[in-house]
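Report on one structure; see the data block that follows.
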Amino acid sequence: MKITEESMVGEIVASDYRTSTEFKKHSIDFCCNGNKTIKEACENKPIETNRLIGSLIEITSTSKESETNFSSWDMDLLADYIEKKHHRYVESRIPEIKAHLKKVVSVHGCNHPELIEIEKHFLDSAEELTKHMKKEELILFPYIRKLAIASTPITPPFGTVENPIDMMMKEHDNEGERFRLIADLSNNYTPPEEACATYTVAFALLKEFEEDLHKHIHLENNILFPKAITTERQKIQS
């Protein structure tokens, strides 16, 4: 795709996920705030728009044979992938990270009170993400799968797919903000010099969790949800 200052951040990453590394480098949110143009995303950032565009063009101009093109996937396949890959990851990592944080807080909480805040934010996120994923698995994704194969318009119980998608995107924003706070409190997941092994592992797991969450939200906000909205509109008009 041609990249200009009016190109949408989320669309660029949807076209080539390798560009996400460049956006991360400059603390530009490509998942929850992927609906911003490059020009808007660069405002109040210590980077020139043209320099960022040049870096993105350089990345996208090289071969991406090993990069999965999720934009080309059918909606039902992508919904299955998100559920089996990212939802299962979240479910498996939550108890592990909880256990590490509980131990770290009990040992280091007095000298590092920020750990208490980090643990609270993560526990809140774990609770909300668990409920969020169930709503997708039981309500939104089943409709998207039906929408993917339906030959005639179908009437969902929620009026239009845009209604639950709007709710899911707002909840994505909440979790994105929560992890921005965790990243700030942990100095971008950098343990102090005196950190024990458990402390270091806890921060490493939190960082991995955030990175997975970013890709998870990106696949939904920038690829799956727009496809579902467009497909529903097309089937209503046909």
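Per residue, the average separation of C-alpha pairs within less than 8 Å and at least 6 apart gives segment 72-237 a relative contact order of 38 percent. Applying 1/(1 + (r/R0)^6) with R0 = 25 Å to the Cβ-Cβ distance of residue 99 and residue 212 gives a FRET efficiency near 0.85.
On full extension of the chain, what length is gained from residue 18 through residue 57, given 0.36 nm per residue of separation minus the C-alpha to C-alpha distance? Don't skip to the end; give the middle numbers.
On the way: separation 39, 0.36 × 39 = 14.04 nm, distance 1.12 nm.
Extra length from residue 18 to residue 57 when fully extended: 12.9 nm.
Net length available on complete extension from residue 236 to residue 92 is 47.9 nm, with 0.36 nm assigned per residue and the Cα-Cα distance removed.
How much FRET efficiency would the formula 1/(1 + (r/R0)^6) give for residue 204 and residue 2, where r is the Cβ-Cβ distance and R0 is 45 Å, rounded to 0.05? Spell out each step's value before the answer.
Values: r = 38 Å, r/R0 = 0.85.
The value I calculate is 0.75.
Between the C-alpha center of segment 127-151 and that of segment 10-57 there is a gap of 29 Å.
Shown here for segment 16-124: GluC sites (Glu not before Pro) in loop regions (DSSP other than H, G, I, E, B) with at most 15 other Cβ atoms within 10 Å, namely 43, 48, 65, 67.
Among 186, 151, the ranking by other beta carbons within 10 Å of each residue's beta carbon, starting with the fewest, stands as 151, 186. Sparse packing (at most 16 other Cβ atoms within 10 Å of the Cβ) combined with a DSSP loop state is found for the following trypsin sites (Lys or Arg not before Pro) in segment 46-102: 64.
Mind checking segment 150-238 for GluC sites (Glu not before Pro) that DSSP puts in a loop (not H, G, I, E or B) and that have at most 13 other Cβ atoms within 10 Å?
Working: sites: 162, 171, 175, 177, 193, 194, 208, 210, 211, 220, 232; in loops: 193, 194.
Those that pass, being in a loop and sparsely packed, are 193, 194.
Sorting 115, 77, 138 from the fewest to the most surrounding beta carbons within 10 angstrom yields 138, 77, 115. Counting every other Cβ atom within 10 Å of each residue's Cβ, 196, 110, 42, 31 order from fewest to most as 110, 196, 42, 31. Can you work out the PRE-style zone for residue 146? Point 7 Å along Cα to Cβ, and I want the residues of segment 213-233 with backbone N under 14 Å. Of the residues in segment 213-233, 232 have backbone N under 14 Å from the label point off residue 146. Applying a length cut-off of 24 Å (Cα extent along the axis) and a mean Kyte-Doolittle floor of 1.6 to the DSSP H helices of the chain leaves no helix.
FYI, it's all coordinate maths here, none of it is from the lab. All of these numbers come straight from a predicted model, not from anything done at the bench. FYI the Cβ positions are ideal-geometry reconstructions off the backbone, even for glycines, and counts take in every protein chain you see.
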